[in-house]
Ligand code: COA
């Protein structure tokens, strides 16, 4: 876990802290960040001591200002940069981890910043957070699953409004639309994430993981199949 440049990974009392750490570039998501996150998520998945994860951004100004535009829209050509992003299935890795993720977002939350948070289970933001998906205004579309995860989270019409127009949302609107669970004063953002993490880490990890699977996997099923899934998962917990 050493040699990381743009992600900080810390583990304390069953809580993993993952910090996007390029504050000078507003934590823009670069290929290096993708590679480091990929390693970190693998460690989180395989480490039974990790029971809950807090994802946050370093610095004062941003959770993440989207894909690194210096890689994305200039050299290397967009097609190669996008290809490189797909070669490691980081989003599949997020989805493969049945432990709860808490996103604690402040400042700019743009493009892949929003998309990353949509793989998290509980989304908190500070009152100064601003959300936007500028991809279409740049002549591209989201590449981190946003065109699929956003409508599943907030509905088709709201997702289209945000994606097609590229308009930004203030924290209150993000809360109203269901993009975040809670808006907090900036000084309360990380303490609240830690309070939630602390409650979750003290719960039975099997029950937490089954509850998460029931909801996340069940959403891709018919109600009938989902009820069967719930039954199976419930049985696996029977003492
Ligand atoms: N990729 C690479 N670098 C980025 C970046 C990104 N997505 N977003 C910000 N940065 C860099 C800036 O280039 C600047 O670097 P510099 O100090 O070397 O010039 C630094 O981060 C600070 O950004 P700055 O633009 O000075 O801050 P600001 O507060 O004036 O504006 C934004 C903030 C978010 C409005 C502006 O940076 C912006 O529009 N960023 C691009 C957002 C975007 O389109 N993301 C891609 C989504 S697909």
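The values are calculated or read from the model by the stated rules, or taken from the named source; none is laboratory data. Here the structure is a predicted model, which is why all the values come from computation and not from measurement. Don't worry about glycine lacking a Cβ; one is built from the backbone with ideal geometry, like all the others, and counts go over all protein chains shown.
Looking only at residues of segment 88-120 that are in a strand (DSSP E or B) and within 22 Å of residue 195 (Cα to Cα), we find that the one that is farthest from the ligand (Cβ to nearest atom) is 102. Taken over segment 38-57, the criterion of being surrounded by 18 or more Cβ atoms within 10 Å (Cβ to Cβ) and either within 16 Å of the ligand (Cβ to nearest atom) or without any contact (Cβ under 8 Å) to a residue 24 or more places away in the chain (or both) is satisfied by 57 alone. You will find that of 158, 123, the residue that is in a helix (DSSP H, G or I) and surrounded by 16 or more Cβ atoms within 10 Å (Cβ to Cβ) is 158 and no other. Considering segment 164-178, the residues that are exposed (fewer than 14 other Cβ atoms within 10 Å of the Cβ) and in a helix (DSSP H, G or I) include one that is farthest from the ligand (Cβ to nearest atom), namely 172.
Being closer than 29 Å to residue 71 by Cα and either within 12 Å of the ligand (Cβ to nearest atom) or surrounded by 14 or more Cβ atoms within 10 Å (Cβ to Cβ) (or both) is the requirement here; does residue 182 meet it? No; evaluated as a whole, the condition is false for this residue. Residues in segment 130-163 that are away from the ligand (no atom under 12 Å from the Cβ) and in contact with a strand residue (DSSP E or B) (Cβ under 8 Å, 6 or more places away or on another chain): 162 alone. Residue check: residue 24 meets all listed conditions (1) within 16 Å of residue 72 (Cβ to Cβ); (2) within 12 Å of the ligand (Cβ to nearest atom); (3) out of contact with any strand residue (DSSP E or B) (no Cβ under 7 Å at 6 or more places or on another chain) but one, namely (1).
Residues in segment 23-30 include none that are modelled with pLDDT of 95 or more, surrounded by fewer than 18 Cβ atoms within 10 Å (Cβ to Cβ), on the phi > 0 side of the Ramachandran plot and under 19 Å from the mean Cα position of the chain (by Cα).
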